[in-house]
Amino acid sequence: MDASHFYGQILLPLPLKENFVWRAPAELSVGQWVQAPFGKKVLTGLILARVAPPAVTDKIKTILAPLPLPPVSGKMLEFLLWAARYSLSPAGALLKIAMGGIDLTKPPKVSAETLSATADPEANQPVLSSPQKDAAEQLLLADDLRPLLLFGVTGSGKTEVYCEAIAAKLRQGQQVLVLMPEIALTTAMLARFTARFGTEPTLWHSGLTPKRRREHWFAIATGKAGLIIGARSALFLPYADLGMLIVDEEHEAAYKQEEPPIYHARDLAVARAHIEKIPILLVSATPSLETIVNVRQKKYRRVDLPERFGGAQLPKVQLIDMRAEKLPPRQFLSAPLRQAISETFQAGEQAALFLNRRGYAPLTLCRTCGYRLQCPSCSAWLVEHKRHGRLQCHHCGYQTELPRQCTACKTPESFAACGPGVERVAEEAALLFPQARVALMVSDLLPTAQAAAELMDRMQAQAIDLLIGTQIMAKGHHFPNLTLVGVIDADLGLGGGDPRAAERCYQLLQQVAGRAGRAERAGRALLQTYQPEHPIMQALKNGDHTGFINAELREREIWQLPPYKKLVAVLFENSDLKQVEQDAVLFADWLRPRLLASMRLLGPAPAMMALLRGRHRLRLLLVTARKDSVQNLLQEALLVCKHHHGTKIKIDVDPYSFF
Ligand SMILES: [Zn+2]
Ligand SMILES: [Zn+2]
């Protein structure tokens, strides 16, 4: 080889098992974006590493022109490779996210409006309360790079406080990324950043138009964008000079990407901050137990914002014992809740009802023989949606008309809706309060961000008296005149096969309750429950956050669950049950003798959704000590264990979903 070339491994945005080698002109360096011939195509990729000249070099192709983009830093490459190893995903699949789905050979013609100004740290400095000032000072302690939990109840002014930390980084000319659960990227939230920093932040999420995507990607990669607000995929972007990471609502399950490449954006953000040696803030009113345990073990710092900013009070939480209510069938609002709603309306205030079930009724059964309408290709009941007059499977989208007669016993007109969905609660509310303006807030009825924003505006303008919705209602909206929140079935989520069910239920209820009375009016929350004595319900009623955490952590320790143990799920899917069983058993048999004493292997067992979209699903669960690394072992198992062609194997490190 002459001195005019070297051999370089190139990472391509493809889910490849290995990285191939190209010949590269000597003036190029590691981290450079290049064009490489691949098969009959030319692909954009990154020079990953220099390698020794291979034995046979005559078939090796030479890379084409480098792209006129700043090279990606060594730390970014290290992060991509680390994330790939940890999540057992091909690094190329993560690079694909980093490239944002755009053609990097075509820089945008930057329009004046998108990059007219960069965020200005001095644009509009708010007057902070004294606890906010103290908290902001602690965030800026530069010599401690442990992740920091910024903890404060809903409405305590956490955003104002972390904006001070953002301003400090912007003054140093560095970039700041604020991660938000996608749903929270609302106009109201963005308006706050725009007001504070004098210009709209650079956004990154799945709803951007191709033109905006391209403009924003280049602004981020070339350092023109200072403040970036993004959903989980923004974590993988190649920042020109990243100075700080903020994960807002760090407990949100939306940070987990459930389809391959499977990853948890909060956990990877902590890893990226560690590799980049930059500060990271995790922000929440209801931190995850993982984060709380890390604080207790002094791996993370914690700063508290104890008071509600502006003197607003946390709502009073009242439990309604549904066993004592003895409601007639097909009625779901208890007497105390009905009473509270009418009092709220009389005072000229707004109310919201919350139920985490879409549709009209979660289950439809035959009154004669008990036959239940089930999806033909999933282990799931069909959900009735009155609005479209159809039954729907929420897992695969299968739809059908309500049959005129029972499929099993042939009795005509015998199907009955069982239990409430939000549509059914709205129907009941409309009958009880015919004068009230009732609106439904459900994801399937609000197909666009625009439609959701319009509904929020109507609620804010008090053009709605009663808002009825699913979990999307629990996110960070601000309704000053909302003083009552009713939770129809607070027990949904307690129990079941998900180790985080109680935690999630607590967080959700805490946040829903936090919707009420965020401004000067006191709010109240009424929770309908069949288990008022449950520790979670008691903790909610008493506002006893610590009490809940201690009770839940004890449970997790006894049951050997996260955050005390680590879990890795291996999911096998195939339309042929025999084949998938054989493959799962083979995999488990290979793994079992190779486990350390600190590891346990559970399964293979049918997944909770044993049948999904016509495919049979089996699951292995690996329980390990927190310090154990099982990635190498699983990687080897994937290589060594043969499986049928039709079997898909999905590995989920730190699983959150147990379907
Ligand atoms: Zn029947
Ligand atoms: Zn289905």
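Computed quantities for the displayed model
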quantity: Ala436 vs. criteria farther than 16 Å from Phe354 by Cα, out of contact with any Gly (no Cβ under 7 Å at 6 or more places or on another chain) and more than 16 Å from ligand 1 (Cβ to nearest atom); calculated: yes
quantity: Candidate set from region 405-440 (those that are free of Cβ contacts under 8 Å to residues at least 12 places away in the same chain and hydrophobic (A, V, I, L, M, F, W, C)); member that is farthest from ligand 2 (Cβ to nearest atom); calculated: Leu431
quantity: Options Leu46, Leu16; residue that is touching a residue at least 12 places away in the same chain (Cβ under 8 Å), among the aliphatic types (A, V, I, L, M) and in contact with a strand residue (DSSP E or B) (Cβ under 9 Å, 6 or more places away or on another chain); calculated: Leu46
quantity: Some residue of region 351-370 being aliphatic (A, V, I, L, M) and within 16 Å of ligand 1 (Cβ to nearest atom); calculated: yes
quantity: Residue that is farthest from ligand 2 (Cβ to nearest atom) [pool: residues in region 353-365 that are in a strand (DSSP E or B) and modelled with pLDDT under 90]; calculated: Phe354
quantity: Lone qualifier among Leu227, Leu245 - being over 27 Å from Met459 (Cα atoms), among the aliphatic types (A, V, I, L, M) and touching a Lys or Arg at 6+ places or on another chain (Cβ under 8 Å); calculated: Leu245
quantity: Whichever residue in region 404-419 is more than 10 Å from ligand 1 (Cβ to nearest atom) and assigned to a loop (DSSP other than H, G, I, E, B) and, among such residues, is least open to solvent (accessible area, probe 1.4 Å); calculated: Gly419
quantity: Filtered residues of region 385-403 (kept if more than 16 Å from ligand 1 (Cβ to nearest atom), part of a strand (DSSP E or B) and not hydroxyl-bearing (Ser, Thr, Tyr)); calculated: His385, Arg390, Gln392, Gln399
quantity: Identity of the residue in region 27-48, part of a loop (DSSP other than H, G, I, E, B) and over 21 Å from Ser73 (Cβ atoms), that ends up most open to solvent (accessible area, probe 1.4 Å); calculated: Lys40
quantity: Residue satisfying condition, being open to solvent by 20 Å² or more (accessible area, probe 1.4 Å), assigned to a helix (DSSP H, G or I) and on the phi < 0 side of the Ramachandran plot, within set Ala165, Ala191, Ala136; calculated: Ala191
quantity: So Ala569, is it without any contact (Cβ under 8 Å) to a residue 60 or more places away in the chain and within 27 Å of the chain's Cα centre (by Cα); calculated: no
quantity: Where a residue in region 379-404 is of a type outside the set (D, E, K, R) and its partner, wherever it lies, is within 16 Å of ligand 1 (Cβ to nearest atom) and open to solvent by 40 Å² or more (accessible area, probe 1.4 Å), with Cβ under 8 Å and at least six apart; calculated: Ala380/Gln374; Trp381/Arg372; Trp381/Gln374; Leu382/Gln374; Gly389/Leu402; Leu391/Leu402
quantity: Subset of region 10-24 (residues that are more than 33 Å from the chain's Cα centre (by Cα) and within 18 Å of Pro70 (Cβ to Cβ)); calculated: Ala24
quantity: Residues being within 16 Å of ligand 2 (Cβ to nearest atom), among the polar types (S, T, N, Q) and either modelled with pLDDT of 90 or more or open to solvent by 40 Å² or more (accessible area, probe 1.4 Å) (or both) - total across region 366-387; calculated: 2
quantity: Restricting region 139-159 to residues that are part of a loop (DSSP other than H, G, I, E, B) and among the aliphatic types (A, V, I, L, M), the residue that is surrounded by the most Cβ atoms within 10 Å (Cβ to Cβ); calculated: Val153
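The values are calculated or read from the model by the stated rules, or taken from the named source; none is laboratory data. The shown structure was predicted, so the numbers you read here are calculated from the model rather than taken from an experiment. Here Cβ is always computed from backbone atoms with ideal geometry, including for glycine, and neighbour counts include all displayed protein chains. Note: areas computed on protein heavy atoms with side chains; ligands, DNA, RNA excluded. Shrake-Rupley method; radii C 1.70, N 1.55, O 1.52, S 1.80 Å.
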